[in-house]
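K.L.:
Can you keep this structure in mind? I'll have questions shortly.
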Amino acid sequence: MADGSREQWRSRQGFILAAIGSAVGIGNIWRFSYVAGENGGGAFLLIYLVCVLLVGAPIIIAELALGRHGQGDAVSVFHKVAPGSRWSVAGWIGVVIGFLILSYYSVVAGWALKYFHGAVTGALWRQTESGFAIFFENFIAGSTEPVAWQFATIAVAMLVVSGGVRRGIEIANRVLMPLLALIVISLAIFGLTLPGAEKGWSFLLMPQKDAFLRPEIYVAALGQAFFSLGVGMAVFITYGGYLPRHVRLVPSAAAIIAGDTLFAIIAGLAIFPAVFAFGISPTAGPELAFITLPKIFLAMPGGKIVGAVFFFLLVAAALTSMISMLEVPVAFVIGRFAVRRRAAVVVVGMTGFALGIPSALSFGVLGDVRINGRGIFDAMDQAVSGYMLPTGGILISLFVGWRWGAIPAQTEAGLMGARLGIIWIWLIRIVSPGLATLIILSATGVL
């Protein structure tokens, strides 16, 4: 490296907060809520938890073990474990995934930042209840605003990542993650005060038996587990590469998964009571955050303040995820080309921004462009979440479970000789890749 020896996390707590921050994002608030709403609430949540245990947890442990063993970027670790093999393609896929998600994820983050700005300045609340849909549609159809807000979010992520692991990523997450937890818990408590809030809690926490008969719920829960946790995109390989040897991986992975899952559930408990209290359908879909919830905020006492806090939550959660998405390709560029971190950040960040411009404009000037019948933004999301993320997860699972082998993998994970270690190795050998394959089959229309 051109900028000195490889960095390490300052503390285990800092690493866990950064890793939770990577997982916690818009997927936990916006995506989780509308996907749960469209797929039966409580039934979806229960299946989602099972998917996290059977797919998410094993792959996170595998990625952390692989990263710490290799002490490098997402590609170099595969060369170290299996020199001369073609398994490094799994690392390349992870780098590409992080880069692609950053490009279009920053578009949604820009929407959230625009709404936070509008909530604070009052521009958002000057819309009538029926005007929020028009406000949102006019904004995303613009030729400059969506790109400008997208750039603003990437610029902040670039600023943080340029500070390095300790002075940038770790410090940012030490500030943002406790703040996010405080906000989402406060919003959930506020939701308790709304009339009819118990219906929202019941919808999310009490499964309806007939919902379990709908096959699409299982695939939706699998996809959400991958997207929410961020497995398959080499974030945990990259973050694991900064871990010192004394940190125990399994308890760390458990803390990451618990933090991410609790955040999603509490966010749901903040959103669904408001949805039911104001007679809105929980199946409102992707427009839930940007059209439905502003109507609710405008109608409730103190709603303008609540709305501003909520959109700040979206922005900050998006930022913690974008930091990790940017770090994956940045770490690769630093390791591959021996350039300084700031130069790598500028090159990767600006390239990611440029790549995201078509997605930002796909609801306006590029609205007529179709890829397999989808707009650019939707096609990018489908390609990543439907194909690339599960493919990355499958390859990492098979590499760790079969190519690396049970003994070295279990030893690095701290599971050698433990019954849990046997369960883990067979989960990543068979169960996790098998279930991840269902996501791909669903995306192709086979299921």
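K.L.:
Can you pull out the residues in region 251-310 that are surrounded by fewer than 17 Cβ atoms within 10 Å (Cβ to Cβ), closer than 18 Å to LEU205 by Cβ and among the hydroxyl-bearing types (Ser, Thr, Tyr)?
P.N.:
THR283
K.L.:
Hand me the list of helices (runs of 4 or more DSSP H) wholly inside region 314-412 holding 2 or more residues that are closer than 21 Å to SER76 by Cβ and hydrophobic (A, V, I, L, M, F, W, C). Explain how you work it out, then say what you get.
P.N.:
Values: elements: 341-360, 376-383, 389-398.
Here the list reads 341-360, 389-398.
K.L.:
Let me ask another. If we scan region 99-122, do we find a residue that is of a type in the set (Val, Ile, Thr) and modelled with pLDDT under 90?
P.N.:
Checking region 99-122: not a single residue is of a type in the set (Val, Ile, Thr) and modelled with pLDDT under 90.
K.L.:
Where residues in region 221-254 are among the small types (Gly, Ala, Ser) and not in a helix (DSSP H, G or I), which of them is modelled with the highest pLDDT?
P.N.:
Of all residues in region 221-254, those among the small types (Gly, Ala, Ser) come to 221, 223, 225, 228, 230, 232, 234, 240-241, 252-254.
Still in the running and not in a helix (DSSP H, G or I): 230, 232, 234, 241.
Working: GLY230: 85, GLY232: 87, ALA234: 89, GLY241: 92.
So, considering only residues that are among the small types (Gly, Ala, Ser) and not in a helix (DSSP H, G or I), the one modelled with the highest pLDDT is GLY241.
K.L.:
Identify, please: which residue in region 194-220 is in a loop (DSSP other than H, G, I, E, B) and of a type in the set (A, V, I, L, M, F, W, C) and is, among those, modelled with the lowest pLDDT?
P.N.:
First pass over region 194-220, keeping only residues in a loop (DSSP other than H, G, I, E, B): 194-196, 206-208, 214.
Okay, now just the ones that are also of a type in the set (A, V, I, L, M, F, W, C), so 194, 206.
Details: LEU194: 82, MET206: 89.
Per the criteria, the residue is LEU194.
K.L.:
Check region 139-153 and report whether any residue there is surrounded by 23 or more Cβ atoms within 10 Å (Cβ to Cβ), of a type in the set (Gly, Ala, Ser) and part of a helix (DSSP H, G or I).
P.N.:
No, there is no match, as no residue in region 139-153 is surrounded by 23 or more Cβ atoms within 10 Å (Cβ to Cβ), of a type in the set (Gly, Ala, Ser) and part of a helix (DSSP H, G or I).
K.L.:
Anything in region 232-251 that is in contact (Cβ under 8 Å) with a residue 12 or more places away in the chain and either at positive phi or not aliphatic (A, V, I, L, M) (or both)? List them, or say none.
P.N.:
Residues of region 232-251 in contact (Cβ under 8 Å) with a residue 12 or more places away in the chain: 232-245, 247-250.
Within region 232-251, GLY232, ALA234, PHE236, THR238, TYR239, GLY240, GLY241, TYR242, PRO244, ARG245, ARG248 meet the criteria.
K.L.:
VAL348 is checked against (1) touching a Pro at 6+ places or on another chain (Cβ under 6 Å); (2) surrounded by fewer than 17 Cβ atoms within 10 Å (Cβ to Cβ) and fails just one. What number does that condition carry?
P.N.:
(2)
K.L.:
Now for a separate question. Looking at SER385, SER432, can you tell me which residue is among the hydroxyl-bearing types (Ser, Thr, Tyr), surrounded by 23 or more Cβ atoms within 10 Å (Cβ to Cβ), in contact with a helix residue (DSSP H, G or I) (Cβ under 9 Å, 6 or more places away or on another chain) and within 24 Å of VAL95 (Cα to Cα)?
P.N.:
Details: SER385 fails: surrounded by 23 or more Cβ atoms within 10 Å (Cβ to Cβ).
Only one candidate passes the filter, namely SER432.
K.L.:
Right, something else. Residues being surrounded by 17 or more Cβ atoms within 10 Å (Cβ to Cβ) and either among the small types (Gly, Ala, Ser) or out of contact with any Pro (no Cβ under 7 Å at 6 or more places or on another chain) (or both): count how many of those fall in region 182-197. Walk me through how you get there before you give the answer.
P.N.:
So in region 182-197, the residues surrounded by 17 or more Cβ atoms within 10 Å (Cβ to Cβ) come out as 183-184, 187-188, 190-191, 194, 197.
Narrowing further to those that are either among the small types (Gly, Ala, Ser) or out of contact with any Pro (no Cβ under 7 Å at 6 or more places or on another chain) (or both): 183-184, 187-188, 190-191, 197.
Summing the residues that are surrounded by 17 or more Cβ atoms within 10 Å (Cβ to Cβ) and either among the small types (Gly, Ala, Ser) or out of contact with any Pro (no Cβ under 7 Å at 6 or more places or on another chain) (or both) in region 182-197 gives 7.
K.L.:
Filter region 1-55 down to the residues that are of a type in the set (Ser, Thr, Tyr) and more than 18 Å from PRO282 (Cα to Cα), then identify the one that is nearest to the chain's Cα centre (by Cα).
P.N.:
Let us first name the residues in region 1-55 that are of a type in the set (Ser, Thr, Tyr), namely 5, 11, 22, 33-34, 48.
Those left that are additionally more than 18 Å from PRO282 (Cα to Cα): 5, 11, 22.
Numbers: SER5: 29, SER11: 23, SER22: 7 Å.
Step by step, filter region 1-55, then rank; the result is SER22.
K.L.:
For the structure I just gave you, tell me whether ILE423 is assigned to a helix (DSSP H, G or I), over 27 Å from the mean Cα position of the chain (by Cα) and without any contact (Cβ under 8 Å) to a residue 40 or more places away in the chain. Break it down stepwise before answering.
P.N.:
Values: assigned to a helix (DSSP H, G or I): yes; over 27 Å from the mean Cα position of the chain (by Cα): no; without any contact (Cβ under 8 Å) to a residue 40 or more places away in the chain: yes.
The answer is no for ILE423.
K.L.:
Criterion first (under 30 Å from ALA409 (Cβ atoms), in a helix (DSSP H, G or I), touching a residue at least 24 places away in the same chain (Cβ under 8 Å) and within 25 Å of the chain's Cα centre (by Cα)) does GLY72 satisfy it?
P.N.:
Values: under 30 Å from ALA409 (Cβ atoms): yes; in a helix (DSSP H, G or I): no; touching a residue at least 24 places away in the same chain (Cβ under 8 Å): yes; within 25 Å of the chain's Cα centre (by Cα): yes.
Against the criterion (under 30 Å from ALA409 (Cβ atoms), in a helix (DSSP H, G or I), touching a residue at least 24 places away in the same chain (Cβ under 8 Å) and within 25 Å of the chain's Cα centre (by Cα)), GLY72 does not qualify.
K.L.:
Which residues, taken from region 413-441, are among the small types (Gly, Ala, Ser) and over 13 Å from MET388 (Cα atoms)? It would help to see each step written out before you state the result.
P.N.:
In the first step, residues of region 413-441 are kept if they are among the small types (Gly, Ala, Ser); the result is 413-414, 417-418, 421, 432, 434, 436.
Matches in region 413-441: ALA413, GLY414, GLY417, ALA418, GLY421, SER432, GLY434.
K.L.:
Is one or more of the residues making up region 364-371 charged (D, E, K, R), at negative phi and in contact (Cβ under 8 Å) with a residue 40 or more places away in the chain? Steps first, please.
P.N.:
Kept after step one, since they are charged (D, E, K, R), are these residues of region 364-371: 368, 370.
Subsequent filtering for residues that are at negative phi retains 368, 370.
Cutting the leftovers down to in contact (Cβ under 8 Å) with a residue 40 or more places away in the chain gives us none.
The answer is no; no qualifying residue exists.
K.L.:
Report, by residue number, each residue of region 36-50 that is surrounded by fewer than 22 Cβ atoms within 10 Å (Cβ to Cβ) and either touching a strand residue (DSSP E or B) at 6+ places or on another chain (Cβ under 7 Å) or under 16 Å from ASP260 (Cβ atoms) (or both). Steps first, answer last, please.
P.N.:
Within region 36-50, the subset surrounded by fewer than 22 Cβ atoms within 10 Å (Cβ to Cβ) is 38, 42, 46, 49-50.
Selection gives LEU49, VAL50.
K.L.:
May I ask you to list the residues in region 160-170 that are part of a helix (DSSP H, G or I) and farther than 11 Å from LEU326 by Cα?
P.N.:
If we filter region 160-170 for residues that are part of a helix (DSSP H, G or I), which is where we start, we get 160-161, 164-170.
Of everything in region 160-170, those that are part of a helix (DSSP H, G or I) and farther than 11 Å from LEU326 by Cα turn out to be GLY164, VAL165, ARG166, ARG167, GLY168, GLU170.
K.L.:
Please state which one of VAL89, VAL96, VAL77, VAL55 is surrounded by fewer than 24 Cβ atoms within 10 Å (Cβ to Cβ), in contact (Cβ under 8 Å) with a residue 12 or more places away in the chain and under 25 Å from VAL431 (Cβ atoms).
P.N.:
Working: VAL96 fails: under 25 Å from VAL431 (Cβ atoms); VAL77 fails: surrounded by fewer than 24 Cβ atoms within 10 Å (Cβ to Cβ); VAL55 fails: surrounded by fewer than 24 Cβ atoms within 10 Å (Cβ to Cβ).
So the residue among VAL89, VAL96, VAL77, VAL55 that is surrounded by fewer than 24 Cβ atoms within 10 Å (Cβ to Cβ), in contact (Cβ under 8 Å) with a residue 12 or more places away in the chain and under 25 Å from VAL431 (Cβ atoms) is VAL89.
K.L.:
I'm trying to understand the selection: among the residues of region 255-287, which are touching a Gly at 6+ places or on another chain (Cβ under 7 Å) and assigned to a helix (DSSP H, G or I)? I'd like the intermediate steps shown before the answer.
P.N.:
Step one: filter region 255-287 for residues touching a Gly at 6+ places or on another chain (Cβ under 7 Å), giving 257, 269-270, 272-277, 282-284.
Once the filter is applied, which keeps residues that are touching a Gly at 6+ places or on another chain (Cβ under 7 Å) and assigned to a helix (DSSP H, G or I), region 255-287 yields ILE257, LEU269, ALA270, PHE272, PRO273, ALA274, VAL275, PHE276, ALA277.
K.L.:
Okay, next question. For region 1-43, which positions are aliphatic (A, V, I, L, M) and either in a helix (DSSP H, G or I) or at pLDDT 85 or above (or both)?
P.N.:
Initial filter on region 1-43 (aliphatic (A, V, I, L, M)): 1-2, 16-20, 23-24, 26, 29, 35-36, 43.
ILE16, LEU17, ALA18, ALA19, ILE20, ALA23, VAL24, ILE26, ILE29, VAL35, ALA36, ALA43 - these are the residues of region 1-43 that are aliphatic (A, V, I, L, M) and either in a helix (DSSP H, G or I) or at pLDDT 85 or above (or both).
K.L.:
Still on this structure: When both residues are 6+ apart or on different chains and their Cβ atoms are under 6 Å apart, which pairs have a first residue that lies in region 252-268 and is in contact (Cβ under 8 Å) with a residue 12 or more places away in the chain and under 21 Å from LEU293 (Cα atoms), and a second that is in a helix (DSSP H, G or I) and polar (S, T, N, Q)?
P.N.:
Close Cβ pairs (under 6 Å, with a partner that is in a helix (DSSP H, G or I) and polar (S, T, N, Q)) amount to PHE263/ASN28; ALA264/ASN28; ALA267/ASN28; GLY268/SER33.
The values are calculated or read from the model by the stated rules, or taken from the named source; none is laboratory data. Owing to the predicted nature of the structure, the values given are computational and were not obtained by experimental measurement. Backbone-built Cβ (ideal geometry, glycine too); neighbour counts: all protein chains shown.
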